Structure formats: structure tokens, C-alpha cells
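Single-structure report; data block below.
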Amino acid sequence: MNSLWNDAEAAACADALNLRVYSSRLLGCESSLVLHGGGNTSVKSTVTDVFGDAVETLFVKGSGWDLATIEAAGFAPVRMDALLRLAQLDVLSDSDMVCAQRMAMLDPAAPNPSVEAILHALIPFRFVDHTHADAVVTVTNTPDGEARIAELYGEEVLVIPYVMPGFDLARAVREATRDVDWQKLKGMVLMHHGVFTFADDARESYETMIELVSAAENYLATHARTVVVSGKQDDASRIDMKLIELARLRRAVSDVRGVPVLAMPDGCAEALHFAADASAINAVGRGTLTPDHVIRTKPWPLFVGEDVAATVDEFSKKYCAYFNRHADASLTCLDTAPRWAVWPGNGCVSFGRSVKEVLIVADIAAHARPAMLRAEVMGGWSPVCEADLFAVEYWELEQAKLGQSGKAGNVPVHQGKVALVTGAASGIGKACVDVLLEQGACVAALDINPEVAEVFTSSAVLALVCDVTDDAALQAAVAATVGHFGGLDILVSNAGIFPASRRIEDMDADDWQKSLALNLTSHQQLLQYCAPYLTLGIDAAVVIVASKNVPAPGPGAAAYSVAKAGLTQLGRVAALEMAEQGIRVNMLHPNAVFDTAIWNEAILAARAAHYNLSIEAYKTNNLLSVEVTSRQVAELTVAMAGPLFACTTGAQLPVDGGNERVI
Ligand code: NAI
């Protein structure tokens, strides 16, 4: 590992706190040092308060901030005298510690100080850096880890046996350092947890961290020369999975968790190699890389066997037994669903309510796997014991953090669901993707127009360039959707064209065929390819975008109206056939939605002139005199896929401002 220190950048920092921000970010940008909120840093400084008094202050990373992106506002200013007094107590509950630390802050609007603030205060140097470096923790997670750390660092590094983070850890460090000469120490290793470095100079503290971690990396390179295949996401290998089994897995995990989750596979070479290694599978059942990972990943992954649903059930029972082994009467069992899976032959799968949650789990798993393989070579993967893992998973402070992010009332209606929308680059389809995203779903956005890849920036969108009339491309797009998100719950069958107006006697055979191919046949094929996955979906629903032309056709629109009428009949039959699987199929009949590419200035002017109306009057030429927008059509579409329409199937709903011929 190399130092990223840059003298010019450091010199541009106005004060000690800004320098602290700078070197914290250097640590944060290296994922093998800290992952997703892991690790923390501090700087000690003097602040003048409103009375003009100089107050010795610890600026320590605030809870909820990430070192990679931290700003000055992410550091909580806490009075050193209060922290050092707290450090002298023999007993303090972690809730009382959090409360006392908050009361000792100089800024009531600052975030909660890290639970390791007291420990930072005890270290008599200005800059303190703490990471959960993979390499150091890997060495500590071996049967003779303490001896190995001693061999690696000698007397320059103090070793603290595992103690749960919080006040107990601060007290253990206080006791262990009573007679220590800090000047002789370069750092401190907390077994199964991480490493601290410190100095009065920001660069020295940071570069000592790099030095200690590099030494651990070199140690692993010589003592654990094992085949750790490097891994990059490989889309092709993802799609090779047995997709129907993946959808079954996602459904089973969602059922156990009680809410829809995504199931995103990782079929890269490293994950495949890990999943095929019996010793790795044995190791991963013993616990996590650092105890805090248990909050995100549970103590162990799911091992997927032949009967996918049965293995999820077994996991749930195993988790209940683990809870019962360690819980006292005050605790309530968390959900019993796995957060990631090891699947021989397929690699690994991560589960989560959102892409963000899935990627965090996947990252943690990707860092844990090589660590486990290396520790296996050094005598066997030996993380903290199960009781210690449980203590962290059910630690009141960690539970509080999770609670903040997932308050029941705030969860969007389609959170964790997977939708597929065709014709997604423009008009009604694009608006449907936007509304689905707002309501928590992930969306496969299909369009023949390659611009679909640029329209959406969210990681919850999988943009797929696909001509839905191309059978093979359509099948591949459905497979890519399931291969990416793990299943399918909502289908918005929307892509369509409005052919040039022609009377029947003047019909162009090609126009007729094209309209039938896109406006009718492609929808049947899409339904066919999606049906097996929708059957395994959660509250699965199909919404077909038809047209007002079905109940109220117009002259010159035979190719369009006939195809859309056939499409509506297809939807009605689908509602009959798919009800048994719990899949609802409903149809929408929009009319005159002008903010779409079907309409342009010339067509609008021609149609308005045809009715002898101004363009404005033509746009609101309906019973309610309203202009129907693609956003309104999309909101109705997405509502029809949701719980409001739980008891409705086979329905046809106009969204046209009211039309005498339709009513
Ligand atoms: P739009 O033209 O803005 O969007 C249609 C999208 O479908 C475009 O992005 C286009 O690239 C895509 N598309 C066309 N052929 C495709 C193919 N072979 N494969 C994949 N994608 C393809 O039009 P709008 O209005 O949003 O149309 C959506 C649906 O709404 C259509 O089925 C249309 O018939 C229907 N509709 C529209 C009305 C309106 O007034 N805009 C009224 C009644 C129904």
C-alpha cells in the first residue's frame, strides 16, 4: 500500500481540522483500510468558547459520516476534560456514554461523536487514525494471531485482546496503557477489530498507518501464499446463472424477510472460485471479518443447495437457534433472512432493500472472502466467537443506527421491487421509470433508442438497448433484468408507435405489419418471457399501455387501433390465465398525451386544424378540459402495479380527461 500524501494539498488546508479532513479522506478512499463507515479519526485542538475561555477539544469522526467523504462538519467537537473524566469511570453503559459525550459537545448541532471517542481522547497525540485494515485484521483472525502480530511488529505496537467497541474497549485500553511509554509506540492493534496509529503530525500518523498495513500485506504475501483469484464484475457470467433458481432464491429470501429484496449475483471469477472451495465454505460459517460487519451481513451467509427455498428455510431456523442461544428476555429477534449467499457453481449473491444496500453487502463479502482464504492457510479462519458477534449484532447502539435508516412509515411503496418498462427512453415509458424509481423500485429500462443508456443516471436503472420486436433480443433483455436484480415483479408493457394515418383501402402492408409486430405481437412475447419470473415475483402486476383508440377508434387508424384492440384482448386473457399465479394484469387507455415523441408541432397543428381548434383548445379538448401529461399517466400506471389495485385485474382504465365516446 502506498502513501497518497501530497504536500501541496496538505499545505492548502487552513487549519488542523481541515488537515484532519484531508488525511481522513486519504484513508477513506482505500477500501482495504475502511469500508462503509468503518474506522474513525480525530484531532485534538484548542477552541475559544463564547466566554473567551480556551477549551481543549477532541474533534472526532461523527457517527453516520464516511471517512471517504467526510467534511469538517462531520467531526464532533467534544471537551477533552469530560472525555478524560469519563475514561476514569469503571462502569458506564454505552447509552449513558453516548448521552454524556453529547452533553460534552461544543456544538449541539454536530453529529454524535464516535463510540470510540473516549479511546481517542486517551491517546496522548494530536492526530489519531483508526482503520479496520483487511490485512491486519486477517492476521489477527488466525489461531495464533497475537503471536503473529508480535512477530510482525515487535514492541512498537501494543496488542489489545478483543473487547467490544464502546466504553468497555476504552477502559481496556486505559488499563493496558497505564504504564506504557507512548513515545515508544507506533501503533496499537485491536485483535479481530483494527489498528490505531497516532502522532502529533498528521502526515506521520497517516504514513505510520500505511507502513503498518503494508507490513501486514507483505506478511500475508509470504505466509499465506494462496490462490486468491482477483475478481471483476463480469456481466456475461452473471447471466449464465440458472435464472429461474435465482428468482426462486430472491422470492424465498423476501418471504423470510417480510419485504421485497433485490438479489444481485456476483459471478466474477473470484466469487466462483470461493463458492467452489470446500475450505472457504467451512470458514465463512465461522464469522465475519470484523464484528461490525455482522450488522450488514448477519453472522454467516446462506449456502444455497439443490432445493433453493429449503436452504433459505434452514438458514432462518439456524438464525433463530443462534438468537435463542444468546438472547436474554429483553431482546427481540431481528428478521431471520440472509444478507448474502454462497452458491457453488454460481458464485455469490447479495440481498438488500436497495441497490445501495446490496452493494455494501457485496463489498463487505468481497473483502471478507480473500481474508478467509488466507487465514485458512495460516491455521484456520478464527474470527471472534459467536457470542461476541451476537453482542455486536444486538448492541443497542447498532440497532439504533439501523432503526434510523428504515423507519416503517418512510418506506416507499415499491421499495425492493424489480420492474421492467419498455419504450423507456421517452414519453410515458420514461415517466414510468421516474415514478417507479421515486417509489423505491429498481427498473430495467428497455428501448430501441440507444439514448436510453444516457437518460437515467441512477444505479437502480439497468438500461438495455432492445428492439422489442426482435425475439432473441427481447429474451436476452428479460434474462439480463433477472440476472442483474434477481427477479421481476412489475411489467409495464408500453413500447408502441402510431403509424401514419391511412384509410383501409390505402393501407400499406408494411405499415400494417409493423404496427401489429410492435403494438401487439411483441407484447405477447414479452408476457411469455416474463411470466415464469412474474410467477415468482412479489405482488406481481402487469400494466399494458393500450389506447383510447380501443374503446373509441378513429378513421385512418386501423393499423394502430386493431393492434391496440388485440393488445387489450391479450391483456384480458392474460388476466384470466395469470390470476392463478397471483399476477394482476390491467390496461390503460391514454389519449392525447402531448409531452411525448408521438406528437410534434406539425402533427399537433394539423390535428388542431382538422377540428377547427386552436392548439391550446385542442390540447384540452376533453370533458374535464385538462391536459393529460405523461407524468400523470405514469403515476396511474405505477399505482395500478401497487397495493391500491390489489383487488383489480382485467380492468381497462381511461386516462384521457373524459371522453363522451369512451364513457
Ligand atoms: P414516445 O414515442 O414518446 O415513446 C415511445 C418509446 O418507445 C420511444 O422511446 C421509442 O424509441 C420506443 N420504441 C419504439 N419502437 C420500439 C421498439 N421496437 N423496441 C423498443 N422500443 C421502441 O411515445 P409515448 O406516447 O410515450 O408512447 C408510449 C405508449 O403510449 C405507446 O404504446 C403509445 O401507443 C401509447 N399511447 C400514447 C398516446 C399519446 O398521446 N402519446 C395516446 C395513447 C396511447
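Throughout, read-outs are computed from the coordinates displayed, never taken from laboratory work. Here the structure is a predicted model, which means the values were calculated and not measured. Virtual Cβ from ideal backbone geometry, glycine too; neighbours counted across all protein chains shown.
For region 310-430, the ratio of Cα radius of gyration to the globular rule of thumb 2.2 N^0.38 Å stands at 1.36.
According to the calculation over all Cα-Cα pairs in region 455-510, the P(r) per 5 Å bin from zero is 4, 13, 18, 20, 15, 8, 8, 7, 5, 1 %. Here the Kirkwood formula puts the hydrodynamic radius of region 7-223 at 17.4 Å, using every distinct Cα pair.
Annotation: for a label point projected 7 angstrom from Cα along Cα→Cβ of Ala602, residues of region 492-507 with backbone N closer than 14 Å are 500-501. Placing unit charges on the Cβ atoms of the charged side chains and taking the dipole of region 30-165 about its Cα centre, the candidate lying farthest along the positive direction among Pro113, Ala87, Leu67 is Pro113. Normalised by residue count, the chain yields a Cα convex hull volume of 193 Å³ per residue.
Using 31 Å as the Cα-Cα cut-off, could you pick out the over-long pairs in Lys184/Lys356; Lys430/Lys548; Lys242/Lys514; Lys184/Lys298; Lys61/Lys184?
Details: Lys184/Lys356 43 Å; Lys430/Lys548 20 Å; Lys242/Lys514 34 Å; Lys184/Lys298 39 Å; Lys61/Lys184 26 Å.
In this structure, Lys184/Lys356; Lys242/Lys514; Lys184/Lys298 exceed 31 Å between Cα atoms.
Once you mark the trypsin sites (Lys or Arg not before Pro) that are in a DSSP loop and have at most 13 other Cβ atoms within 10 Å, what is the longest gap between them in the chain?
1-177
On the beta carbon distance between Tyr611 and Asp471, with R0 = 41 Å, the FRET formula returns roughly 0.55. Our note on the geometry: Cα centres of region 297-373 and region 582-597, 40 Å apart. What the pair-distance distribution of region 102-148 shows, using all Cα-Cα distances binned every 5 Å from zero, is 5, 16, 16, 15, 18, 13, 7, 7, 4, 0 percent.
Scale the Cα Rg of region 125-231 by the rule-of-thumb value 2.2 N^0.38 Å and send over the ratio, two decimals.
Working: Rg = 14.0 Å, N = 107, 2.2 N^0.38 = 13.0 Å.
That works out to 1.08 for region 125-231.
The antiparallel fraction among DSSP beta bridges confined to the chain stands at about 50%.
Just tell me the longest site-free run in the chain, where the sites are chymotrypsin sites (Phe, Trp or Tyr not before Pro) in a DSSP loop having at most 11 other beta-carbon atoms within 10 Å.
With chymotrypsin sites (Phe, Trp or Tyr not before Pro) excluded where exposed in loops, the chain gives 52-610 as its longest stretch.
With the contact rule set at Cα under 8 Å and sequence spacing of 6 or more, what percent relative contact order holds for the chain?
Computed value for the chain: 10 percent relative contact order.
Between Val259 and Leu644, what length in nm is gained on full extension when 0.36 nm per residue of separation is reduced by their alpha carbon distance? Full-extension gain reported as 136.9 nm. Its residue count N fixes a reference of 2.2 N^0.38 Å for region 441-573, and the Cα radius of gyration divided by that reference is 1.12. In region 236-403, the alpha-carbon atoms span a convex hull of 107 Å³ per residue. With the convex hull of the Cα atoms taken as the outline of region 516-648, the averaged projected area works out to 8.9 nm². The magnitude of the dipole of the chain, with charges of +1 and -1 set on the Cβ of Lys/Arg and Asp/Glu and taken from the Cα centre, is near 1460 debye.
An oblate overall shape is assigned to region 284-341, the ratio a/c of its alpha-carbon gyration tensor axes (a ≥ b ≥ c) being 1.5 or greater and a/b not exceeding b/c.
Distance from the Cα centroid of region 34-104 to that of region 124-184 is 21 Å (rounded to whole angstrom).
Considering every pair of different Cα atoms, what Kirkwood radius, in Å, is found for region 25-126? Mind showing how you got there, number by number?
Details: mean 1/r = 0.0716 Å⁻¹.
About 14.0 Å for region 25-126.
Note on Arg503 and Asp595: with the Förster distance fixed at 25 Å, the Cβ-Cβ geometry gives a FRET efficiency of about 0.30. In the chain, the DSSP-assigned H stretches of four residues or longer account for a calculated mean residue ellipticity at 222 nm of -13000 deg cm²/dmol, using -39500 (n - 2.57) per stretch and the full residue count as denominator.
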